[in-house]
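Have a look at the structure below, then the notes.
The values are calculated or read from the model by the stated rules, or taken from the named source; none is laboratory data. Bear in mind that the values here come from a model prediction, so they are computed numbers and not experimental data. Every residue, glycine as well, gets a Cβ built from its backbone with ideal geometry; the counts of neighbours run over all protein chains shown.
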Amino acid sequence: MSLATGAFFVFAAGAVATAILLITRKSAIPAALCLITHFFCLSGLYLTLQAQLLAALQVLVYAGAIMVLVVFVIMLLNLGDEVKSVKHSQVRSVVVIVFVGVMGLQLLAFLLGQQSNHTSLPPNAELVGSVGELGRVLYTDYLFPFEAVSLLLLSAVVGSLTLAKRKLEN
(Lines give C-alpha, C1' and ligand atoms only; values in the text may rest on other atoms or scores of the structure.)
Protein backbone atom coordinates (compact mmCIF):
# COMPACT_ATOMS: atom_id res chain seq x y z
CA MET A 1 0.00 0.00 0.00
CA SER A 2 1.34 3.41 -0.95
CA LEU A 3 1.58 6.42 1.33
CA ALA A 4 -1.23 8.20 -0.53
CA THR A 5 -3.53 5.21 -0.14
CA GLY A 6 -2.72 4.95 3.56
CA ALA A 7 -3.33 8.67 4.05
CA PHE A 8 -6.63 8.36 2.18
CA PHE A 9 -7.82 5.63 4.56
CA VAL A 10 -6.70 7.61 7.61
CA PHE A 11 -8.54 10.74 6.44
CA ALA A 12 -11.59 8.69 5.43
CA ALA A 13 -11.74 7.04 8.86
CA GLY A 14 -11.32 10.46 10.49
CA ALA A 15 -14.13 11.90 8.36
CA VAL A 16 -16.48 9.06 9.30
CA ALA A 17 -15.53 9.28 12.99
CA THR A 18 -16.01 13.05 13.18
CA ALA A 19 -19.33 12.80 11.32
CA ILE A 20 -20.56 10.26 13.87
CA LEU A 21 -19.29 12.43 16.72
CA LEU A 22 -21.02 15.44 15.15
CA ILE A 23 -24.46 13.89 15.17
CA THR A 24 -24.09 12.38 18.64
CA ARG A 25 -23.06 15.56 20.51
CA LYS A 26 -25.69 17.00 22.82
CA SER A 27 -24.27 20.53 22.90
CA ALA A 28 -23.92 22.82 19.90
CA ILE A 29 -20.33 24.01 20.46
CA PRO A 30 -18.72 20.53 20.59
CA ALA A 31 -20.79 19.62 17.52
CA ALA A 32 -19.43 22.68 15.70
CA LEU A 33 -15.88 21.68 16.65
CA CYS A 34 -16.52 18.18 15.29
CA LEU A 35 -17.79 19.75 12.07
CA ILE A 36 -14.62 21.83 11.73
CA THR A 37 -12.52 18.69 12.24
CA HIS A 38 -14.65 16.93 9.63
CA PHE A 39 -13.95 19.73 7.16
CA PHE A 40 -10.21 19.33 7.75
CA CYS A 41 -10.48 15.57 7.13
CA LEU A 42 -12.30 16.28 3.87
CA SER A 43 -9.51 18.68 2.95
CA GLY A 44 -6.99 15.89 3.56
CA LEU A 45 -9.03 13.61 1.29
CA TYR A 46 -8.86 16.23 -1.44
CA LEU A 47 -5.09 16.39 -1.01
CA THR A 48 -4.76 12.63 -1.46
CA LEU A 49 -6.74 12.97 -4.70
CA GLN A 50 -4.30 15.65 -5.91
CA ALA A 51 -6.89 18.45 -5.78
CA GLN A 52 -4.85 21.03 -3.90
CA LEU A 53 -7.08 23.95 -4.83
CA LEU A 54 -10.20 22.21 -3.53
CA ALA A 55 -8.36 21.32 -0.32
CA ALA A 56 -7.37 24.94 0.23
CA LEU A 57 -10.87 26.18 -0.60
CA GLN A 58 -12.36 23.60 1.78
CA VAL A 59 -10.30 25.01 4.63
CA LEU A 60 -10.80 28.67 3.71
CA VAL A 61 -14.49 28.62 2.85
CA TYR A 62 -16.00 25.92 5.03
CA ALA A 63 -13.70 25.57 8.03
CA GLY A 64 -13.08 29.30 8.01
CA ALA A 65 -15.94 31.48 6.84
CA ILE A 66 -18.97 29.19 7.12
CA MET A 67 -18.02 27.90 10.56
CA VAL A 68 -17.49 31.46 11.81
CA LEU A 69 -21.08 32.16 10.77
CA VAL A 70 -22.33 28.95 12.42
CA VAL A 71 -20.55 29.68 15.70
CA PHE A 72 -21.75 33.30 15.54
CA VAL A 73 -25.36 32.12 15.22
CA ILE A 74 -24.88 29.63 18.07
CA MET A 75 -23.53 32.38 20.30
CA LEU A 76 -26.26 34.78 19.16
CA LEU A 77 -28.99 32.31 20.10
CA ASN A 78 -27.45 31.92 23.57
CA LEU A 79 -28.56 28.33 23.96
CA GLY A 80 -29.00 27.28 27.56
CA ASP A 81 -29.29 23.81 28.98
CA GLU A 82 -31.52 21.70 26.85
CA VAL A 83 -34.40 19.81 28.39
CA LYS A 84 -33.49 16.16 28.51
CA SER A 85 -36.03 13.69 27.26
CA VAL A 86 -37.07 11.10 29.80
CA LYS A 87 -38.37 8.66 27.24
CA HIS A 88 -35.96 6.23 25.63
CA SER A 89 -37.20 5.42 22.19
CA GLN A 90 -36.93 1.96 20.69
CA VAL A 91 -36.62 3.64 17.29
CA ARG A 92 -33.18 4.96 18.21
CA SER A 93 -31.94 1.46 19.03
CA VAL A 94 -33.33 0.07 15.79
CA VAL A 95 -31.71 2.87 13.75
CA VAL A 96 -28.34 2.25 15.41
CA ILE A 97 -28.56 -1.52 14.75
CA VAL A 98 -29.54 -0.98 11.09
CA PHE A 99 -26.75 1.59 10.62
CA VAL A 100 -24.11 -0.69 12.14
CA GLY A 101 -25.38 -3.58 10.01
CA VAL A 102 -25.22 -1.59 6.78
CA MET A 103 -21.73 -0.31 7.61
CA GLY A 104 -20.64 -3.88 8.38
CA LEU A 105 -22.00 -5.10 5.04
CA GLN A 106 -20.19 -2.32 3.21
CA LEU A 107 -16.95 -3.15 4.99
CA LEU A 108 -17.38 -6.83 4.14
CA ALA A 109 -18.11 -6.02 0.49
CA PHE A 110 -15.01 -3.83 0.39
CA LEU A 111 -12.78 -6.49 1.89
CA LEU A 112 -14.10 -9.26 -0.33
CA GLY A 113 -14.32 -7.13 -3.47
CA GLN A 114 -12.14 -7.27 -6.54
CA GLN A 115 -9.01 -5.16 -6.63
CA SER A 116 -9.03 -2.69 -9.51
CA ASN A 117 -6.10 -1.68 -11.65
CA HIS A 118 -6.93 2.01 -11.30
CA THR A 119 -4.10 3.27 -9.13
CA SER A 120 -3.67 6.70 -10.67
CA LEU A 121 -5.84 9.58 -11.75
CA PRO A 122 -6.83 10.09 -15.37
CA PRO A 123 -4.50 12.29 -17.42
CA ASN A 124 -7.00 15.19 -17.68
CA ALA A 125 -7.42 15.39 -13.86
CA GLU A 126 -4.77 18.11 -13.59
CA LEU A 127 -6.54 20.23 -16.21
CA VAL A 128 -9.99 19.84 -14.64
CA GLY A 129 -8.75 20.60 -11.12
CA SER A 130 -6.62 23.61 -12.04
CA VAL A 131 -7.35 27.11 -10.77
CA GLY A 132 -7.91 28.50 -14.25
CA GLU A 133 -10.35 25.79 -15.28
CA LEU A 134 -12.26 26.00 -12.00
CA GLY A 135 -12.49 29.79 -12.30
CA ARG A 136 -13.66 29.56 -15.91
CA VAL A 137 -16.42 27.08 -15.03
CA LEU A 138 -17.43 28.94 -11.87
CA TYR A 139 -17.78 32.33 -13.53
CA THR A 140 -19.30 31.16 -16.81
CA ASP A 141 -21.45 28.05 -16.33
CA TYR A 142 -22.25 28.52 -12.63
CA LEU A 143 -22.34 32.32 -12.28
CA PHE A 144 -25.99 32.51 -11.21
CA PRO A 145 -25.74 29.86 -8.45
CA PHE A 146 -22.51 31.46 -7.23
CA GLU A 147 -24.16 34.88 -6.91
CA ALA A 148 -27.33 33.35 -5.43
CA VAL A 149 -25.31 31.72 -2.64
CA SER A 150 -23.53 35.00 -1.91
CA LEU A 151 -26.88 36.81 -1.63
CA LEU A 152 -28.23 34.03 0.60
CA LEU A 153 -25.27 34.36 2.96
CA LEU A 154 -25.60 38.15 2.96
CA SER A 155 -29.30 37.93 3.84
CA ALA A 156 -28.51 35.47 6.67
CA VAL A 157 -25.99 37.90 8.17
CA VAL A 158 -28.41 40.86 7.85
CA GLY A 159 -31.21 38.78 9.41
CA SER A 160 -29.07 37.69 12.34
CA LEU A 161 -27.96 41.29 12.97
CA THR A 162 -31.58 42.45 12.83
CA LEU A 163 -32.60 39.82 15.37
CA ALA A 164 -29.67 40.71 17.62
CA LYS A 165 -30.51 44.42 17.47
CA ARG A 166 -34.16 43.74 18.28
CA LYS A 167 -33.08 41.70 21.33
CA LEU A 168 -30.85 44.55 22.56
CA GLU A 169 -33.63 47.16 22.24
CA ASN A 170 -36.03 45.15 24.47
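Taking the criterion of being surrounded by fewer than 16 Cβ atoms within 10 Å (Cβ to Cβ) and over 16 Å from the mean Cα position of the chain (by Cα), would at least one residue in segment 29-44 satisfy it?
Checked against the condition, which is being surrounded by fewer than 16 Cβ atoms within 10 Å (Cβ to Cβ) and over 16 Å from the mean Cα position of the chain (by Cα), segment 29-44 yields no hits at all.
Residues to consider are 84, 165; find the one that is loosely packed, with under 12 Cβ neighbours inside 10 Å and either within 24 Å of residue 38 (Cα to Cα) or modelled with pLDDT under 75 (or both).
The match here is 84.
In the set 143, 105, which member is farther than 22 Å from residue 54 by Cα and at pLDDT 80 or above?
105
Name the residue, out of 48, 24, that is buried (at least 17 other Cβ atoms within 10 Å of the Cβ) and free of Cβ contacts under 8 Å to residues at least 60 places away in the same chain.
48
State all residues of segment 55-69 that are within 13 Å of the chain's Cα centre (by Cα) and touching a residue at least 12 places away in the same chain (Cβ under 8 Å); if no residue qualifies, say none.
55, 58, 59, 62, 63, 67
Is it the case that residue 8 is among the aromatic types (Phe, Trp, Tyr) and over 24 Å from residue 71 (Cβ atoms)?
yes
Which members of segment 108-130 meet the condition of being at pLDDT below 80 and surrounded by 10 or more Cβ atoms within 10 Å (Cβ to Cβ)?
121, 125, 126, 127, 128, 129, 130
Go through segment 1-73 and tell me which helices (runs of 4 or more DSSP H), entirely inside it, have 2 or more residues that are touching a Lys or Arg at 6+ places or on another chain (Cβ under 8 Å).
28-48
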